[in-house]
Amino acid sequence: MEKIEHTTVATNGINMHVASIGTGPAVLFIHGFPELWYSWRNQLLYLSSRGYRAIAPDLRGYGDTDAPPSVTSYTALHLVGDLIGLLDKLGIHQVFLVGHDWGALIAWYFCLFRPDRVKALVNMSVPFPPRNPAVRPLNNFRAVYGDDYYICRFQEPGEIEEEFAQIDTARLMKKFLCLRIPKPLCIPKDTGLSTLPDPSALPSWLSEEDVNYYASKFNQKGFTGPVNYYRCWDLNWELMAPWTGVQIKVPVKYIVGDQDLVYNNKGTKEYIHNGGFKKYVPYLQDVVVMEGVAHFINQEKAEEVGAHIYEFIKKF
(Lines give C-alpha, C1' and ligand atoms only; values in the text may rest on other atoms or scores of the structure.)
Protein backbone atom coordinates (compact mmCIF):
# COMPACT_ATOMS: atom_id res chain seq x y z
CA MET A 1 0.00 0.00 0.00
CA GLU A 2 2.86 2.38 0.78
CA LYS A 3 4.00 2.09 -2.86
CA ILE A 4 0.76 3.70 -4.09
CA GLU A 5 1.44 7.29 -5.16
CA HIS A 6 -0.97 10.11 -4.29
CA THR A 7 -1.21 13.25 -6.39
CA THR A 8 -3.63 16.10 -7.02
CA VAL A 9 -4.62 16.89 -10.59
CA ALA A 10 -6.50 19.99 -11.77
CA THR A 11 -9.32 18.88 -14.08
CA ASN A 12 -12.60 20.33 -15.30
CA GLY A 13 -12.58 23.16 -12.76
CA ILE A 14 -11.80 21.03 -9.68
CA ASN A 15 -8.77 19.55 -7.95
CA MET A 16 -8.93 15.75 -8.00
CA HIS A 17 -7.04 13.42 -5.69
CA VAL A 18 -5.61 10.45 -7.57
CA ALA A 19 -4.03 7.23 -6.31
CA SER A 20 -1.87 5.37 -8.81
CA ILE A 21 0.77 2.67 -9.11
CA GLY A 22 2.63 0.84 -11.84
CA THR A 23 3.60 1.37 -15.46
CA GLY A 24 2.15 0.08 -18.71
CA PRO A 25 -1.32 0.26 -20.26
CA ALA A 26 -3.61 2.40 -18.09
CA VAL A 27 -6.55 1.04 -16.10
CA LEU A 28 -8.90 3.67 -14.67
CA PHE A 29 -10.92 2.55 -11.62
CA ILE A 30 -14.17 4.40 -10.82
CA HIS A 31 -15.60 3.92 -7.32
CA GLY A 32 -19.19 3.98 -6.08
CA PHE A 33 -21.17 5.16 -3.05
CA PRO A 34 -20.22 5.52 -0.23
CA GLU A 35 -16.66 4.76 -1.23
CA LEU A 36 -13.29 6.22 -2.24
CA TRP A 37 -10.23 5.39 -4.33
CA TYR A 38 -9.48 3.08 -1.37
CA SER A 39 -12.16 0.62 -2.49
CA TRP A 40 -9.79 -0.37 -5.30
CA ARG A 41 -6.70 -0.75 -3.10
CA ASN A 42 -6.41 -4.50 -3.76
CA GLN A 43 -6.96 -4.22 -7.52
CA LEU A 44 -4.42 -1.38 -7.78
CA LEU A 45 -1.77 -3.71 -6.38
CA TYR A 46 -2.99 -6.72 -8.37
CA LEU A 47 -3.00 -5.01 -11.78
CA SER A 48 0.17 -2.99 -11.23
CA SER A 49 2.04 -6.20 -10.41
CA ARG A 50 0.96 -7.57 -13.80
CA GLY A 51 2.26 -4.76 -15.96
CA TYR A 52 -0.47 -2.13 -15.81
CA ARG A 53 -0.66 1.48 -14.72
CA ALA A 54 -3.53 1.41 -12.20
CA ILE A 55 -5.25 4.74 -11.49
CA ALA A 56 -8.04 5.36 -8.96
CA PRO A 57 -9.30 8.88 -8.23
CA ASP A 58 -11.55 10.11 -5.49
CA LEU A 59 -14.52 11.27 -7.54
CA ARG A 60 -15.96 14.78 -7.36
CA GLY A 61 -17.39 15.35 -3.86
CA TYR A 62 -15.45 12.48 -2.28
CA GLY A 63 -12.34 12.12 -0.14
CA ASP A 64 -9.55 14.55 -1.00
CA THR A 65 -11.18 15.77 -4.23
CA ASP A 66 -13.05 19.08 -4.36
CA ALA A 67 -16.79 19.10 -3.60
CA PRO A 68 -18.60 21.92 -5.43
CA PRO A 69 -21.61 23.17 -3.41
CA SER A 70 -24.25 23.17 -6.16
CA VAL A 71 -26.41 20.06 -6.66
CA THR A 72 -26.32 20.58 -10.41
CA SER A 73 -22.51 20.29 -10.45
CA TYR A 74 -22.82 16.50 -10.14
CA THR A 75 -24.34 15.49 -13.47
CA ALA A 76 -23.03 12.66 -15.63
CA LEU A 77 -21.50 15.28 -17.92
CA HIS A 78 -19.50 16.76 -15.05
CA LEU A 79 -18.38 13.36 -13.76
CA VAL A 80 -17.21 12.08 -17.14
CA GLY A 81 -15.69 15.48 -17.88
CA ASP A 82 -13.57 15.18 -14.72
CA LEU A 83 -12.20 11.83 -15.88
CA ILE A 84 -11.53 12.95 -19.46
CA GLY A 85 -9.67 15.98 -18.09
CA LEU A 86 -7.71 13.70 -15.76
CA LEU A 87 -6.63 11.45 -18.63
CA ASP A 88 -5.66 14.49 -20.71
CA LYS A 89 -3.53 15.85 -17.85
CA LEU A 90 -1.85 12.45 -17.47
CA GLY A 91 -1.24 12.24 -21.22
CA ILE A 92 -3.29 9.05 -21.61
CA HIS A 93 -5.32 8.65 -24.79
CA GLN A 94 -7.03 5.30 -24.15
CA VAL A 95 -7.76 3.35 -20.99
CA PHE A 96 -9.31 0.19 -19.71
CA LEU A 97 -12.25 1.28 -17.56
CA VAL A 98 -13.33 -0.54 -14.40
CA GLY A 99 -16.44 0.64 -12.54
CA HIS A 100 -18.58 -0.39 -9.59
CA ASP A 101 -21.94 0.95 -8.32
CA TRP A 102 -22.08 4.69 -9.21
CA GLY A 103 -18.69 4.17 -10.81
CA ALA A 104 -20.33 1.64 -13.13
CA LEU A 105 -23.00 4.18 -14.12
CA ILE A 106 -20.29 6.76 -14.79
CA ALA A 107 -18.37 4.19 -16.84
CA TRP A 108 -21.48 3.52 -18.97
CA TYR A 109 -21.87 7.27 -19.55
CA PHE A 110 -18.14 7.52 -20.33
CA CYS A 111 -18.57 4.86 -23.04
CA LEU A 112 -21.61 6.65 -24.48
CA PHE A 113 -19.87 10.03 -24.62
CA ARG A 114 -16.29 9.06 -25.49
CA PRO A 115 -15.97 5.47 -26.74
CA ASP A 116 -12.82 6.60 -28.57
CA ARG A 117 -11.04 6.83 -25.20
CA VAL A 118 -11.95 3.29 -24.01
CA LYS A 119 -10.18 0.04 -24.94
CA ALA A 120 -12.54 -2.17 -22.93
CA LEU A 121 -14.77 -2.00 -19.85
CA VAL A 122 -15.19 -4.22 -16.81
CA ASN A 123 -18.30 -3.11 -14.91
CA MET A 124 -19.66 -4.38 -11.61
CA SER A 125 -23.10 -4.41 -10.01
CA VAL A 126 -24.99 -1.92 -12.20
CA PRO A 127 -25.93 -3.08 -15.71
CA PHE A 128 -26.39 -0.52 -18.49
CA PRO A 129 -29.69 1.35 -17.88
CA PRO A 130 -31.29 2.24 -21.23
CA ARG A 131 -33.06 5.61 -21.17
CA ASN A 132 -36.82 5.43 -21.27
CA PRO A 133 -37.98 8.73 -22.82
CA ALA A 134 -41.52 8.21 -21.51
CA VAL A 135 -40.81 7.90 -17.78
CA ARG A 136 -38.82 10.11 -15.42
CA PRO A 137 -36.60 7.84 -13.28
CA LEU A 138 -37.71 9.19 -9.89
CA ASN A 139 -41.37 8.72 -10.78
CA ASN A 140 -40.53 5.15 -11.74
CA PHE A 141 -38.60 4.49 -8.50
CA ARG A 142 -41.50 5.81 -6.41
CA ALA A 143 -44.04 3.78 -8.35
CA VAL A 144 -42.06 0.53 -8.06
CA TYR A 145 -40.40 0.81 -4.62
CA GLY A 146 -42.27 3.56 -2.76
CA ASP A 147 -41.21 6.83 -1.15
CA ASP A 148 -38.95 5.06 1.37
CA TYR A 149 -36.65 3.74 -1.38
CA TYR A 150 -33.20 5.12 -0.63
CA ILE A 151 -32.86 7.05 -3.92
CA CYS A 152 -36.17 8.78 -3.18
CA ARG A 153 -35.12 9.48 0.41
CA PHE A 154 -31.86 11.06 -0.84
CA GLN A 155 -33.66 13.74 -2.90
CA GLU A 156 -34.43 16.46 -0.33
CA PRO A 157 -31.24 18.55 0.20
CA GLY A 158 -29.91 18.24 3.73
CA GLU A 159 -32.46 15.71 4.96
CA ILE A 160 -30.53 12.43 4.66
CA GLU A 161 -27.29 14.20 5.69
CA GLU A 162 -28.98 15.07 8.99
CA GLU A 163 -29.94 11.43 9.49
CA PHE A 164 -26.40 10.29 8.69
CA ALA A 165 -25.05 12.82 11.21
CA GLN A 166 -27.13 11.26 13.99
CA ILE A 167 -24.81 8.24 14.20
CA ASP A 168 -21.07 7.72 14.31
CA THR A 169 -19.59 7.72 10.80
CA ALA A 170 -17.61 4.51 11.34
CA ARG A 171 -20.82 2.77 12.45
CA LEU A 172 -22.62 4.15 9.39
CA MET A 173 -19.86 2.83 7.10
CA LYS A 174 -20.18 -0.61 8.69
CA LYS A 175 -23.95 -0.56 8.11
CA PHE A 176 -23.43 0.22 4.42
CA LEU A 177 -20.39 -1.93 3.62
CA CYS A 178 -21.66 -5.00 5.48
CA LEU A 179 -25.22 -4.83 4.14
CA ARG A 180 -26.27 -8.24 2.83
CA ILE A 181 -29.99 -7.83 2.22
CA PRO A 182 -30.68 -8.86 -1.41
CA LYS A 183 -33.68 -6.61 -1.89
CA PRO A 184 -34.30 -2.92 -2.61
CA LEU A 185 -32.81 -0.69 0.08
CA CYS A 186 -35.45 1.30 1.96
CA ILE A 187 -34.87 3.85 4.73
CA PRO A 188 -38.30 4.63 6.22
CA LYS A 189 -38.67 8.16 7.57
CA ASP A 190 -40.07 6.99 10.90
CA THR A 191 -37.35 4.43 11.69
CA GLY A 192 -34.49 5.81 9.57
CA LEU A 193 -31.12 4.11 9.60
CA SER A 194 -32.13 1.74 12.40
CA THR A 195 -33.57 -0.45 9.64
CA LEU A 196 -30.01 -1.07 8.43
CA PRO A 197 -28.55 -3.76 10.69
CA ASP A 198 -25.33 -3.31 12.61
CA PRO A 199 -22.98 -6.21 11.77
CA SER A 200 -22.19 -8.43 14.75
CA ALA A 201 -18.60 -8.63 13.48
CA LEU A 202 -16.68 -7.33 10.49
CA PRO A 203 -16.28 -9.76 7.57
CA SER A 204 -12.80 -11.08 6.80
CA TRP A 205 -12.38 -8.67 3.88
CA LEU A 206 -12.97 -5.51 5.94
CA SER A 207 -10.86 -4.36 8.89
CA GLU A 208 -11.41 -1.69 11.53
CA GLU A 209 -8.51 0.16 9.89
CA ASP A 210 -10.39 0.12 6.55
CA VAL A 211 -13.59 1.39 8.17
CA ASN A 212 -11.73 4.14 10.00
CA TYR A 213 -10.08 5.31 6.78
CA TYR A 214 -13.48 5.72 5.12
CA ALA A 215 -14.92 7.38 8.24
CA SER A 216 -12.06 9.87 8.48
CA LYS A 217 -12.60 11.04 4.90
CA PHE A 218 -16.39 11.27 5.17
CA ASN A 219 -16.00 13.14 8.46
CA GLN A 220 -13.87 15.70 6.60
CA LYS A 221 -16.06 16.06 3.52
CA GLY A 222 -19.53 15.03 4.67
CA PHE A 223 -22.04 13.23 2.46
CA THR A 224 -23.60 16.09 0.51
CA GLY A 225 -21.38 15.73 -2.57
CA PRO A 226 -21.89 11.96 -2.84
CA VAL A 227 -25.65 12.23 -2.25
CA ASN A 228 -25.87 14.99 -4.90
CA TYR A 229 -25.17 12.30 -7.52
CA TYR A 230 -28.60 10.84 -6.68
CA ARG A 231 -30.19 14.30 -6.74
CA CYS A 232 -29.14 14.61 -10.39
CA TRP A 233 -30.95 11.43 -11.43
CA ASP A 234 -33.80 13.19 -13.23
CA LEU A 235 -31.49 15.93 -14.50
CA ASN A 236 -29.23 13.28 -16.04
CA TRP A 237 -32.32 11.77 -17.68
CA GLU A 238 -33.08 15.17 -19.23
CA LEU A 239 -29.50 15.77 -20.37
CA MET A 240 -29.22 12.27 -21.82
CA ALA A 241 -32.08 12.77 -24.30
CA PRO A 242 -29.69 12.98 -27.30
CA TRP A 243 -28.28 9.54 -26.44
CA THR A 244 -31.65 7.75 -26.26
CA GLY A 245 -31.27 4.34 -27.89
CA VAL A 246 -27.50 4.61 -28.38
CA GLN A 247 -25.62 1.36 -27.77
CA ILE A 248 -22.42 0.83 -25.78
CA LYS A 249 -19.85 0.07 -28.50
CA VAL A 250 -16.85 -1.13 -26.49
CA PRO A 251 -15.96 -4.67 -25.34
CA VAL A 252 -17.57 -5.32 -21.95
CA LYS A 253 -17.33 -7.81 -19.10
CA TYR A 254 -19.99 -7.57 -16.38
CA ILE A 255 -19.58 -8.96 -12.86
CA VAL A 256 -22.18 -9.11 -10.08
CA GLY A 257 -22.84 -10.97 -6.84
CA ASP A 258 -26.06 -12.97 -6.60
CA GLN A 259 -26.75 -11.30 -3.23
CA ASP A 260 -26.27 -7.78 -4.65
CA LEU A 261 -29.29 -5.58 -3.97
CA VAL A 262 -29.05 -4.14 -7.51
CA TYR A 263 -29.07 -7.60 -9.10
CA ASN A 264 -32.20 -8.40 -7.09
CA ASN A 265 -34.12 -5.31 -8.19
CA LYS A 266 -37.36 -5.96 -10.04
CA GLY A 267 -36.68 -7.13 -13.60
CA THR A 268 -32.90 -6.81 -13.43
CA LYS A 269 -32.02 -10.50 -13.70
CA GLU A 270 -34.38 -10.90 -16.63
CA TYR A 271 -32.86 -7.87 -18.36
CA ILE A 272 -29.31 -9.19 -17.85
CA HIS A 273 -29.91 -12.82 -18.82
CA ASN A 274 -32.76 -12.71 -21.36
CA GLY A 275 -31.21 -10.53 -24.07
CA GLY A 276 -32.11 -6.99 -23.05
CA PHE A 277 -28.64 -6.16 -21.75
CA LYS A 278 -26.95 -7.62 -24.84
CA LYS A 279 -29.24 -5.58 -27.10
CA TYR A 280 -27.90 -2.32 -25.66
CA VAL A 281 -24.35 -3.62 -25.07
CA PRO A 282 -23.72 -5.65 -28.26
CA TYR A 283 -20.04 -6.24 -27.44
CA LEU A 284 -20.89 -7.75 -24.05
CA GLN A 285 -18.50 -10.70 -23.95
CA ASP A 286 -18.96 -12.14 -20.48
CA VAL A 287 -21.43 -12.04 -17.59
CA VAL A 288 -20.09 -13.37 -14.27
CA VAL A 289 -22.48 -13.97 -11.35
CA MET A 290 -20.59 -14.77 -8.13
CA GLU A 291 -22.52 -16.96 -5.71
CA GLY A 292 -22.99 -15.79 -2.13
CA VAL A 293 -21.45 -12.38 -2.84
CA ALA A 294 -23.16 -9.08 -1.97
CA HIS A 295 -22.90 -5.54 -3.33
CA PHE A 296 -19.32 -4.51 -2.48
CA ILE A 297 -17.92 -7.25 -4.69
CA ASN A 298 -14.57 -5.57 -5.47
CA GLN A 299 -13.74 -5.63 -1.76
CA GLU A 300 -15.48 -8.84 -0.71
CA LYS A 301 -13.84 -10.88 -3.50
CA ALA A 302 -10.81 -8.69 -4.17
CA GLU A 303 -8.49 -11.39 -5.55
CA GLU A 304 -11.12 -12.99 -7.81
CA VAL A 305 -12.22 -9.60 -9.14
CA GLY A 306 -8.61 -8.67 -9.85
CA ALA A 307 -8.17 -11.92 -11.77
CA HIS A 308 -11.39 -11.35 -13.74
CA ILE A 309 -10.25 -7.87 -14.74
CA TYR A 310 -6.80 -9.09 -15.74
CA GLU A 311 -8.04 -12.09 -17.74
CA PHE A 312 -10.36 -9.83 -19.71
CA ILE A 313 -8.16 -6.79 -20.44
CA LYS A 314 -5.04 -8.76 -21.33
CA LYS A 315 -6.84 -9.85 -24.53
CA PHE A 316 -6.72 -6.32 -25.93
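Quick look at the numbers
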{"quantity": "Candidate aspartates and glutamates - alpha carbon under 19 Å from K314, same-chain residues fewer than 8 apart omitted", "calculated": "D116, D286, E303, E304"}
{"quantity": "Spin-label model distance (nm) - K314 vs V135, 7 Å beyond Cα toward Cβ", "calculated": "4.2"}
{"quantity": "Interchain or long-range residues, amide H under 5 Å from K119's placed H", "calculated": "V95, F96, L97"}
{"quantity": "Mean accessible surface per residue for region 5-314, computed with a 1.4 Å probe while every protein chain stays in place, in Å²", "calculated": "39"}
{"quantity": "Lysines with Cα under 25 Å of K315, excluding same-chain neighbours fewer than 8 positions away", "calculated": "K119, K249, K253, K278, K279, K301"}
{"quantity": "Among 57-63, 184-190, the order from most to least packed when residues are scored by Cβ within 10 Å on average", "calculated": "57-63, 184-190"}
{"quantity": "Pair S194, L239: separation of 7 Å Cα→Cβ label points (nm)", "calculated": "3.9"}
{"quantity": "Column: log10 I(q)/I(0), Debye, Cα scatterers of region 1-92, q = 0.13 Å⁻¹", "calculated": "-0.40"}
{"quantity": "Sorted peptide list for 147-154, 68-75, criterion being average Cβ within 10 angstrom, highest first", "calculated": "147-154, 68-75"}
{"quantity": "Label selected from (1) 21.5; (2) 18.8; (3) 14.7, the criterion being mean projected area of the Cα convex hull in nm² as computed here", "calculated": "(3)"}
{"quantity": "Portion, in percent, of the accessible area of region 193-262 that falls on carbon or sulfur, probe 1.4 Å", "calculated": "51"}
{"quantity": "Other-chain or far-sequence residues with amide H under 5 Å of V250's (modelled H)", "calculated": "Y283"}
{"quantity": "Using θ = phi - 60° and Karplus 6.51 cos²θ - 1.76 cosθ + 1.60, couplings along region 251-260 (whole Hz; Gly, Pro as x)", "calculated": "x, 9, 10, 10, 10, 8, x, 6, 9, 5"}
{"quantity": "Alpha-carbon centroid distance for the pair region 60-92 / region 256-313, whole angstrom", "calculated": "26"}
{"quantity": "Rounded FRET efficiency, nearest 0.05, which uses the C-beta distance separating L202 from V144 and R0 of 35 Å", "calculated": "0.60"}
{"quantity": "Extended-chain gain in nm, criterion 0.36 nm per residue less alpha-carbon gap, Q94 and Q220", "calculated": "42.0 nm"}
{"quantity": "Mean Cβ count within 10 Å, highest first, over the residues of peptides 99-112, 36-49, 124-137", "calculated": "99-112, 36-49, 124-137"}
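The values are calculated or read from the model by the stated rules, or taken from the named source; none is laboratory data. What you see is a predicted model; the values in this text were computed from it and never measured. Ideal geometry is used to build each Cβ from the backbone, glycine not excepted, and the neighbour counts take in all protein chains shown. With ligands, DNA and RNA removed, areas are computed over all heavy atoms of the protein, side chains included. Shrake-Rupley method; radii C 1.70, N 1.55, O 1.52, S 1.80 Å.
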